[in-house]
Amino acid sequence: MIKAVIFDVDGTLAETEEVHRLAFNRAFSNAGLDWSWDQELYRRLLKVTGGKERIAHFLEIFEKPPMEAEQIGALHKAKTAVYTRMVEGGEVSLRPGIPEFLDALRERGTKLAIATTTSLPNIEALLSSTLGAHWRDRFVGVAAGDMVERKKPAPDVYDLALRLLELPAGECVAVEDSRNGILSAKGAGLRVIAVRSAYCGADDLGGADVVLEDCRGLGLVVLPKSDG
Ligand code: XBP
Ligand code: MG
């Protein structure tokens, strides 16, 4: 019996990565930098989770002049401001099947939590614009990248979500879209349902217990047949 479902955000609850990419590029150009991440490059850079870590990785592989952590932090803060404005403007919807799945879990009394690398303001922007101002009431716990020491693929963010839920991993399931996310959830001892996403669709999702092509089948996998 599954008592809680822990959701990744980017790529899982919503296809956000293209908006993240555009926000990075807008922040770069606002800062007078001539960097531009195209979709192919962004797919490669996504192997490093976390926006600040992704910028640092980009500087390293393209042998750009190094930046201080504070400069990267300021650039990333500007990117977060651009991203949240875009999301609040309604540019992103939840993936097809997610609203119905969240409602069905609520009706059944299953607890919900979030385990994501993304920054807290991004979660707030996405979930308030898609689920409404009271979205937080639906989730027992929200675990985000900057709340833990190590980002995915380390298990820290899922370990935190489990502590917030006060449940053992064996009674929960994670929903993820990326190989890094699967490794993170598995490292915390969770069963994992993987859903293919636009940016991580070519990832090796073989470590998951179940792989779905989209989110519409989630109810069939998680909910008992009587109410699924
Ligand atoms: C998502 C991420 C995030 C977003 C950007 O990974 O890696 O970094 O791309 O968010 P996952 P920030 O879905 O596996 O959690 O810029 O706020 O870090
Ligand atoms: Mg993801």
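General remarks:
- Selection within the stretch 47-75: residues that are in contact with a Leu (Cβ under 7 Å, 6 or more places away or on another chain) and assigned to a helix (DSSP H, G or I). The member of this set that is surrounded by the fewest Cβ atoms within 10 Å (Cβ to Cβ) is H57.
- Sub-7 Å Cβ pairs linking a first residue in the stretch 1-26 that is free of Cβ contacts under 8 Å to residues at least 60 places away in the same chain to a second residue that is assigned to a loop (DSSP other than H, G, I, E, B) and not hydrophobic (A, V, I, L, M, F, W, C), at least 6 apart or interchain, are N25/S36, ordered by first then second residue.
- When V157, V148, V175, V82 are checked against the criterion of being within 27 Å of R43 (Cβ to Cβ), assigned by TED's automatic domain parsing to the domain that holds R54 and either within 12 Å of ligand 1 (Cβ to nearest atom) or surrounded by fewer than 17 Cβ atoms within 10 Å (Cβ to Cβ) (or both), V82 stands alone in meeting it.
- Just one of the listed residues (L112, L127) is crowded, with 21+ Cβ neighbours inside 10 Å, away from ligand 1 (no atom under 13 Å from the Cβ) and modelled with pLDDT of 95 or more, and it is L127.
- Answer residue from the stretch 94-133, given it is of a type outside the set (S, T, Y) and in a loop (DSSP other than H, G, I, E, B) and is farthest from ligand 2 (Cβ to nearest atom) among those: G109
The values are calculated or read from the model by the stated rules, or taken from the named source; none is laboratory data. Model, not experiment: these values are computed from the prediction. Cβ coordinates were reconstructed from backbone atoms using ideal geometry, including for glycine residues, and neighbour counts include every protein chain displayed.
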